[in-house]
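Notes follow once the structure below has been shown.
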Amino acid sequence: NAESYRAIAGFLMRQEAKSVLVTSTLSGEGKSATVANVGNCLAKAGKKILLVDCNSQSPVLSKLLTTLPDNLSLKSSGEFVGDSADFLLTDKLEKLLDKWKEEFELILIDSPSVQANADSLILAGKVDGIILLVENRRVSSEAISESNILLEQCGAKILGVVLTKYDK
């Protein structure tokens, strides 16, 4: 797994995207673990990274990252959203992202799955790129295609697809 996360980290550093949403078609495909581990890899390589937990259904990044290495920061959506359920629909998040882009080399955002919650679709149109996770032998090609269409309709730029839970 460590080599896989390092490969994703290397891929992201070759992209022009400064804000990347990590999402999946279904819940439980490894979004939070991927965000945490890729963020750790990049921070240990000396990159200044911000992880943003926008998965209101299952905010687990703070549980996965009990200690943060130098260069790695974490924001929970509760810190900047407050009580506003419509926060994602306003320009407030875009302003925050612009501010964070000046401070960090890369922003990785953990979100709900595409088919479970509209938040990921709203976020998709506000970031520079998307990494779509797909769990091996769990997600049908039809569901992947539907997620891809939904993301593209939101103006998302899909940077890549990562196959998770693959055993050789």
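Quick rundown of the values:
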read-out	value
Entries of 48/157; 44/101; 44/92; 31/99; 75/157; 48/92 with Cα pairs more than 27 Å apart	44/92
Heavy-atom accessible area order for 76, 111, largest first, 1.4 Å probe	76, 111
Gyration tensor over alpha-carbon atoms, the stretch 47-136, equivalent ellipsoid semi-axes in Å	19, 17, 14
Summed side-chain charge close to residue 44 - residues other than residue 44 whose Cβ falls under 13 Å, Lys, Arg +1, Asp, Glu -1	+2
Kirkwood Rh (inverse of mean 1/r, distinct Cα pairs), the chain, angstrom	15.8
Heavy-atom accessible area order for 167, 110, 119, largest first, 1.4 Å probe	167, 119, 110
Rounded to whole Å, sorted largest first: equivalent-ellipsoid semi-axes of the stretch 118-157, Cα gyration tensor	19, 10, 8
In the stretch 1-37, trypsin sites (Lys or Arg not before Pro) in a DSSP loop with at most 13 other beta-carbon atoms within 10 Å	14
Cβ-based charge dipole, the chain, positive-most Cα from 36, 159, 90	36
Kirkwood-Stokes translational diffusion coefficient of the stretch 1-61, alpha-carbon pairs, 10 °C, 1.306 mPa s, µm²/s	130
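The values are calculated or read from the model by the stated rules, or taken from the named source; none is laboratory data. Note that this is a predicted model, so its numbers are computed, not measured. Note that we place each Cβ from the backbone using ideal geometry, even for glycine, and neighbour counts take in every protein chain shown. Accessible surface areas use protein heavy atoms only, side chains included; no ligands, DNA or RNA. Shrake-Rupley method; radii C 1.70, N 1.55, O 1.52, S 1.80 Å.
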